[in-house]
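Here's the structure we're looking at; comments come further down.
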Amino acid sequence: MTDQFTPMPTDWERALAIVAHPDDLEYGAAAAVAEWTDAGRDVAYLLVTRGEAGIDTLEPEESARVREGEQIASAAVVGVDSVTFLGHRDGVIEEGTALRRDLAAVIRSHRPELLITLNHRETWDWGTRAWNTPDHRVVGRAVLDAAGDAGNRWIFPEQLAAGGARPWDGVRWVAVAGSPEATHAQGVSERSVERAVASLAEHRAYIAALSDLEPVAYARELHASMAEMTAPRFGGAPCVPFELFTR
Ligand SMILES: [Zn+2]
């Protein structure tokens, strides 16, 4: 018997999902997003890069243009109409105060209770110890840090002096998707899984570059294999696991 996941908290209204690349949220987390937006919660996406280094056969500027469009379409499928791109350089995102400053500004503006990000740990848990990429590690850690930065009026005070922005100390949780140390899970309906499949399938150019399957078949197969791995730890029910940090 493996450890069971604890259900995700439900007493919140606004979430902000911050990840490195177009497609990061569609490899799992989007089913939870569909579940939340269906329940009337507000979810926005913040992409740190435009994904310009993600497709070997496309020149970076063309790749960025295509992948921005795919990300906006895939967000719409799961009820997210706010998608922002920060434009940091794909593959070489720099950890440090410049990134934390950009994240704090958006957190202060959106004022979420829940932040979502992707695995910040060194490895993935795919049955083997697969090494995680630097962008995911850097962005995940910066999100965990920026949750605190946003609430402190003496950190990045120029954002507040400029007028408009106010400190936001209301982030109560940071939920990390894809973590090998998942603790919690969001149960998802069949409808949410179908929307997540359609959401991933919107990344047509990206999927075409890495699979011979057509996008919906690729996305369906991927979600089926994830469900096989995760449901046993949630009473056999379909779910999206997260490592949940509280503040
Ligand atoms: Zn990624």
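The table below gives the values:
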{"read-out": "Members of the range 154-168 that are surrounded by 15 or more Cβ atoms within 10 Å (Cβ to Cβ) and free of Cβ contacts under 8 Å to residues at least 60 places away in the same chain", "value": "155, 156, 159, 160, 167"}
{"read-out": "Verdict on residue 77 being free of Cβ contacts under 8 Å to residues at least 60 places away in the same chain and either farther than 24 Å from residue 173 by Cβ or more than 14 Å from the ligand (Cβ to nearest atom) (or both)", "value": "no"}
{"read-out": "Residue under evaluation residue 92, criteria (1) more than 14 Å from the ligand (Cβ to nearest atom); (2) surrounded by fewer than 20 Cβ atoms within 10 Å (Cβ to Cβ); (3) more than 20 Å from residue 177 (Cβ to Cβ); (4) aliphatic (A, V, I, L, M), criterion not met", "value": "(1)"}
{"read-out": "Unmet criterion (only one of (1) closer than 30 Å to residue 233 by Cβ; (2) away from the ligand (no atom under 13 Å from the Cβ); (3) without any contact (Cβ under 8 Å) to a residue 40 or more places away in the chain; (4) in contact with a Leu (Cβ under 8 Å, 6 or more places away or on another chain)) for residue 41", "value": "(4)"}
{"read-out": "Pair list, Cβ < 6 Å and 6+ apart or interchain, from the range 223-237 residues that are closer than 20 Å to residue 124 by Cα to residues that are polar (S, T, N, Q)", "value": "233/2; 233/4"}
{"read-out": "The lone exception for residue 71 - which of (1) outside any helix (DSSP H, G or I); (2) under 23 Å from residue 115 (Cβ atoms); (3) of a type in the set (S, T, N, Q) it fails", "value": "(1)"}
{"read-out": "Matching option when the condition is more than 24 Å from residue 223 (Cβ to Cβ), of a type outside the set (Ser, Thr, Tyr) and within 12 Å of the ligand (Cβ to nearest atom), among 137, 141, 100, 111", "value": "137"}
{"read-out": "Every residue from the range 64-89 that is crowded, with 22+ Cβ neighbours inside 10 Å and farther than 12 Å from residue 21 by Cα", "value": "74, 75, 78, 80"}
{"read-out": "Enumeration of residues in the range 80-139 that are more than 14 Å from the chain's Cα centre (by Cα) and among the small types (Gly, Ala, Ser)", "value": "87, 91, 96, 98, 104, 105, 109, 127, 130"}
{"read-out": "Residues of the range 1-32 classified as crowded, with 19+ Cβ neighbours inside 10 Å, away from the ligand (no atom under 16 Å from the Cβ) and within 17 Å of the chain's Cα centre (by Cα), total", "value": "5"}
{"read-out": "Tally, over the range 219-234, of residues that are acidic (Asp, Glu) and either closer than 10 Å to residue 200 by Cβ or modelled with pLDDT under 95 (or both)", "value": "1"}
{"read-out": "Residue 191 vs. criteria surrounded by fewer than 15 Cβ atoms within 10 Å (Cβ to Cβ), touching a helix residue (DSSP H, G or I) at 6+ places or on another chain (Cβ under 8 Å) and at negative phi", "value": "yes"}
{"read-out": "Residues of the range 51-66 satisfying the condition of being in a helix (DSSP H, G or I) and within 15 Å of the ligand (Cβ to nearest atom)", "value": "63, 64"}
{"read-out": "Selected residue (only one of 197, 176, 193 is of a type in the set (Val, Ile, Thr) and in contact with a strand residue (DSSP E or B) (Cβ under 9 Å, 6 or more places away or on another chain))", "value": "176"}
{"read-out": "Where residue 48 falls short, out of the listed (1) in a loop (DSSP other than H, G, I, E, B); (2) within 16 Å of the ligand (Cβ to nearest atom)", "value": "(1)"}
{"read-out": "Filter result for residue 91 (modelled with pLDDT of 95 or more and more than 20 Å from residue 174 (Cα to Cα))", "value": "yes"}
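Okay, residues lined up against (1) closer than 21 Å to residue 95 by Cβ; (2) surrounded by fewer than 22 Cβ atoms within 10 Å (Cβ to Cβ); (3) out of contact with any Ser or Thr (no Cβ under 8 Å at 6 or more places or on another chain); (4) not small (Gly, Ala, Ser):
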site	(1), (2), (3), (4)
142	yes, no, yes, no
176	yes, no, no, yes
180	yes, yes, no, yes
226	no, yes, yes, yes
232	no, yes, no, yes
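The values are calculated or read from the model by the stated rules, or taken from the named source; none is laboratory data. Predicted, not measured: the structure shown is a model, and the values here were computed from it. FYI the Cβ positions are ideal-geometry reconstructions off the backbone, even for glycines, and counts take in every protein chain you see.
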